[in-house]
Structure formats: C-alpha cells, structure tokens
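The block underneath contains the structure these notes are about, expressed in structure tokens.
The values are calculated or read from the model by the stated rules, or taken from the named source; none is laboratory data. Since we're looking at a predicted model, the values are computed, not measured. So basically every Cβ, Gly included, is an ideal-geometry build from the backbone, and we count neighbours across all protein chains shown.
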Amino acid sequence: MQDRLKQVRTGGGSERPNMARLFDYYLGGAHNFAVDRLLAEESIARFPVAEMARTIRSFSRRVVRLCVEEYGIRQFLDLGSGIPTAGNVHEVAQSIDPSCSVVYVDHDPIAVAHARTMLRDNLDAAIVQSDVSDVGAVLRDPETRRLIDFSEPTAVLMIGILPYVTDEPAGVVARYRAALCEGSILALTHLTKDVEPELVGRLVDHLADGMHSPLVPRTKQDVEEFLCGLRLLEPGLVLAAHWRADGELPGASAAADASTYGAVGLVGP
C-alpha cells in the first residue's frame, strides 16, 4: 500500500492527499480522488480515523441544532469546512429553518470547486476560498458580507481546523470572536494527545507524512486559552463525543472518543 501511495503522490501532476477529501471519504462521500482513497484506506487500517470523523460530524450536528432551536441563530460561518458532504451545516440548519444562511471557508481550490458545484442551486449557502487565519479577508469577502450580518447573532464553527493553525491560533480565535455580537456562538473541536498520546502521536506522524502538512494536537489547557472571553455552555470543554451526546454516541471506539475535545461558547454576559 505504501509503495502504491508513493507512486500516486509522485506521478506526473498527481494531487497530494487532502484532508478535506480524506474527511469526505471517511464519512462515505464521493468527492475524493484515488490518492486520497489510498491514504484513507491505509489510515483506516491502522487508526480509528473514520470513527474520529464521525465523532466530529456528530458534534457539529448537535451544535448546529442547538444554535437554531435554542438560540435562534440563523447565520453560520464554518471555518476550514472542507467539502460540504452529507450532514453538513447547511443541510442540518436549513432542514430546521430554510431561511438559515451558511458561509463555508476553505483554502483548498479543489475542495472549493467541489463545494461550489454542490451549492450552486442554494442561494443561502456559499463557500469562500481563503486561509482561515486571514480573518480580515474572510470577513470582508463579498459572499460573507452577502450572507452574514454580524450585527445579528452568528455561529462561528471551528470544527477540526485549529490543529492546522500553527501561527498564533489563540489570536485567530480571538479575532473571530471580536467580530461577533452578543448572543452569538463560537464552537470548536481540537485534536489532543491528553488521553491517547501514543495513538494520536502515531496518527499525526502518519498524516503529516502523507499530506506534507503539520498537524498540531494540543492539551486541554491550550484549548482553554482559545475560549477566553466566552461563556461556556454546559458541560464546558470536554471530549467532543460526550458533549451533550444525549445517548446518541456515534458508536466510535474508545480511542476515537478520546482523541478530540469540543466546546461551545456564548458571546456576552
């Protein structure tokens, strides 16, 4: 398998594996390439990555439902969204209230192209091609300005993206938080080695080798710093699989459950 993966990586003009497309594959989507499937299958054979992806997606769905049903939020900014495959933000939010608007943000041009094709008939959902660390560019983008009024409550979702933000991630989170009015929500997940250090350490090395991009797990204390200035909703910063799971744990392995923190914070008193 490793030799085949290397051949695909180094073949003329071939794409490198991409996390957005890997995530799509783990969730059963069809918006991925052969090079992604090779790395994905190699990863699945060694790590509970598909279960980890389902855990993160389940957390995201619970957060979106909470925002719409309990807090009346109708605007979503999904950072590092990847490809809006099955069960993504616009599908969940608009199934509850069709007036919800969603802006996805991703830097990968192929993921963006897939997303634009998928969203072309949905006037209330769009994708912005930008680095999420360039907060000003994201907030000023015409599609963001068209679909989101930041004087009204908005949900900013940072689901799975922060391990890829290596330059002052706390500052990036703070700049998005500063753009939000009272009653808005910021939700995040983050990979951690706190509980399963050996497994997550090997996974980080494996994916970094496959994609040639850094992936930084962080401690609970690190993630708590990102949440400064927010009023955390119960149960606070916990493993994402257990955040208001209400008996609907996605059937992940214990190791997958223990690899990712999740939290939801409210802006304002």
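Structural remarks
- Subset of the range 62-88 (residues that are at pLDDT 95 or above and either among the β-branched types (Val, Ile, Thr) or touching a strand residue (DSSP E or B) at 6+ places or on another chain (Cβ under 6 Å) (or both)): Val63, Val64, Cys67, Val68, Ile73, Gln75, Phe76, Leu77, Asp78, Leu79
- The residues of the range 133-161 that are among the aliphatic types (A, V, I, L, M) and without any contact (Cβ under 8 Å) to a residue 12 or more places away in the chain amount to a single one, Ala137.
- Residue within the range 239-246 that is aliphatic (A, V, I, L, M) and either in contact with a Lys or Arg (Cβ under 9 Å, 6 or more places away or on another chain) or farther than 29 Å from Pro17 by Cα (or both) present: yes
- From Gly160, Gly171, Gly229, Gly262, residue being among the small types (Gly, Ala, Ser), under 19 Å from the mean Cα position of the chain (by Cα) and part of a loop (DSSP other than H, G, I, E, B): Gly160
- All positions within the range 205-247 that are at pLDDT below 95 and at positive phi: His212, Gly229, Arg244, Asp246, Gly247
- Within the set Leu203, Leu180, the sole residue that is outside any helix (DSSP H, G or I) and buried (at least 18 other Cβ atoms within 10 Å of the Cβ) turns out to be Leu180.
- Single unsatisfied condition, Val89 versus (1) surrounded by fewer than 16 Cβ atoms within 10 Å (Cβ to Cβ); (2) within 18 Å of the chain's Cα centre (by Cα); (3) closer than 20 Å to Phe23 by Cα: (1)
- Selection from the range 92-120 of residues that are modelled with pLDDT under 95 and either within 20 Å of Leu180 (Cβ to Cβ) or of a type in the set (Asp, Glu) (or both): Asp106, Asp108
- Members of the range 59-79 that are in contact (Cβ under 8 Å) with a residue 40 or more places away in the chain, within 12 Å of the chain's Cα centre (by Cα) and surrounded by fewer than 24 Cβ atoms within 10 Å (Cβ to Cβ): Ser60
- Here Arg37 does not fit the description of being closer than 30 Å to Leu147 by Cα, modelled with pLDDT of 80 or more and either among the aromatic types (Phe, Trp, Tyr) or assigned to a helix (DSSP H, G or I) (or both).
- Restricting Val195, Val128, Val138, Val216 to those that are under 15 Å from Tyr104 (Cβ atoms), not in a helix (DSSP H, G or I) and not polar (S, T, N, Q) reduces the list to Val128.
- With respect to being touching a Phe, Trp or Tyr at 6+ places or on another chain (Cβ under 8 Å) and within 21 Å of Tyr176 (Cα to Cα), Ser60 falls outside the description.
- Residue that is in contact with a Gly (Cβ under 7 Å, 6 or more places away or on another chain) and in a loop (DSSP other than H, G, I, E, B), where the choices are Ile83, Ile73: Ile83
- Pair list, Cβ under 6 Å, 6 or more apart: the range 23-37 residue aliphatic (A, V, I, L, M) and crowded, with 16+ Cβ neighbours inside 10 Å, other residue at pLDDT 75 or above and assigned to a loop (DSSP other than H, G, I, E, B): Leu27/Thr85; Val35/Pro17
- Failed condition for Pro235, given (1) part of a loop (DSSP other than H, G, I, E, B); (2) more than 17 Å from the chain's Cα centre (by Cα); (3) surrounded by 15 or more Cβ atoms within 10 Å (Cβ to Cβ): (3)
- Within the range 141-151, one or more residues are in contact with a Ser or Thr (Cβ under 7 Å, 6 or more places away or on another chain) and assigned to a loop (DSSP other than H, G, I, E, B).
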